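Every number in this text was worked out from the coordinates using simple rules, so none of it is lab data. These numbers were taken from a predicted model, which means no experiment stands behind them. We place every Cβ from the backbone using ideal geometry, glycine too, and count neighbours over all the protein chains shown.
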Amino acid sequence: MDTVELRPGLLYMFRFSVGQAYLWRDAASLTLIDTGPPGSAPDLAAALTHLGLQASDLDRILLTHFHADHIGSAAELAAHSGAAVLAHRWDAPVIRGDMPAPQPVFTAEERPLHERITAAGSLPAAPPCRVDRELAEGDLLDLGGGAAVIGMPGHTDGSIAIHLPAHRLLFTGDAVARTPGGRVILGPFNVDRAEAINSFRKLAGFDVDVACFGHGDPVLADGSAALREATERQSFRLGP
């Protein structure tokens, strides 16, 4: 796992073999956005120690959606730290283990990608995790001077993005991704592609400098332009 400082003293990215998580550091609170795959808790704890922090310093764990590469270590970290766990109310039953996860509907282009990922080794299932606060579109969080929860249905029913307007910063979860070549794209493997496209287009209207994705390097300058260009460039096909 790699640690990358994105904004000195404020924002860090933890990059795993699959996906990434983010740490936001306010003066009086510490927030982890997603937790990486199952088994990542020791690496995250070590990274916090390297930053002069401890897992017990975490005040909240904010989950963008229920996939195992994002919630895999949430249960262990929550139990160890006592941090509150927040997730959208539509994904909360899956995170708690009360209902099975809806499966994505693959496009023709996504199916071979998914097969390659599966062949490389499937992630273990994420242990059930408590959810202390169920979120909804428009909720405000005491984070970064005020953060808004943005409903982003499509990747999962309860996918969310988090907007910190005072810092011109956006966490998109897997609603948006970035390729190794730097292209900003619609995140793959969606339960409802039409809804995912609508959510993707909605983010192009936000005025941000930094856009942090669930997969791929963040955009660290003029994120709004990158999101707008991505929606204008891509041709979305709704068929299988």
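log10 I(q)/I(0), Debye, Cα-only segment 27-101, no solvent, q = 0.11 Å⁻¹? Result of the Debye calculation: -0.25.
Charges were assigned to the Cβ only: +1 to each Lys and Arg, -1 to each Asp and Glu. The resulting dipole of segment 158-240 about its Cα centre is roughly 200 debye.
Among PRO112, ALA74, PRO153, flag the residue with its Cα farthest along the positive direction of the charge dipole of the chain, charges on Cβ as +1 for Lys/Arg and -1 for Asp/Glu. Of PRO112, ALA74, PRO153, it is PRO112. Dipole check for the chain: with +1 at the C-beta of Lys and Arg, -1 at the C-beta of Asp and Glu, and the Cα centre as origin, the magnitude is about 380 Debye.
So which GluC sites (Glu not before Pro) in segment 77-137 pass both tests, a DSSP loop state and at most 16 other Cβ atoms within 10 Å of the Cβ? Listed in order of number, the matching sites are GLU109, GLU137.
Farthest toward the positive end of the dipole of the chain, out of PHE189, ALA41, PHE171, is the Cα of PHE189, where the dipole comes from beta carbon charges about the Cα centre. Just need log10 I(q)/I(0) for segment 96-235 at q = 0.13, 0.19, 0.22 Å⁻¹, Debye formula, equal scatterers on the alpha-carbon atoms, no solvent, rounded to two decimals. Reported log10 I(q)/I(0), two decimals: -0.61, -1.23, -1.46. Only helices enter the 222 nm calculation for the chain: every DSSP H run of n ≥ 4 contributes -39,500 (n - 2.57), and dividing by all residues gives -6500 deg cm²/dmol, rounded to 500. A DSSP coil position with no more than 10 other Cβ atoms inside 10 Å describes none of the trypsin sites (Lys or Arg not before Pro) in segment 106-184. If only the Cβ of Lys and Arg carry +1 and only the Cβ of Asp and Glu carry -1, the dipole of segment 132-190 around its Cα centre is close to 440 debye. The smallest convex shape that holds all Cα atoms of the chain, its convex hull, gives 113 Å³ per residue. Altogether, the Stokes-Einstein calculation at 25 °C and 0.890 mPa s, with the Kirkwood radius of segment 1-137 over Cα pairs as Rh, returns a diffusion coefficient of 158 µm²/s.
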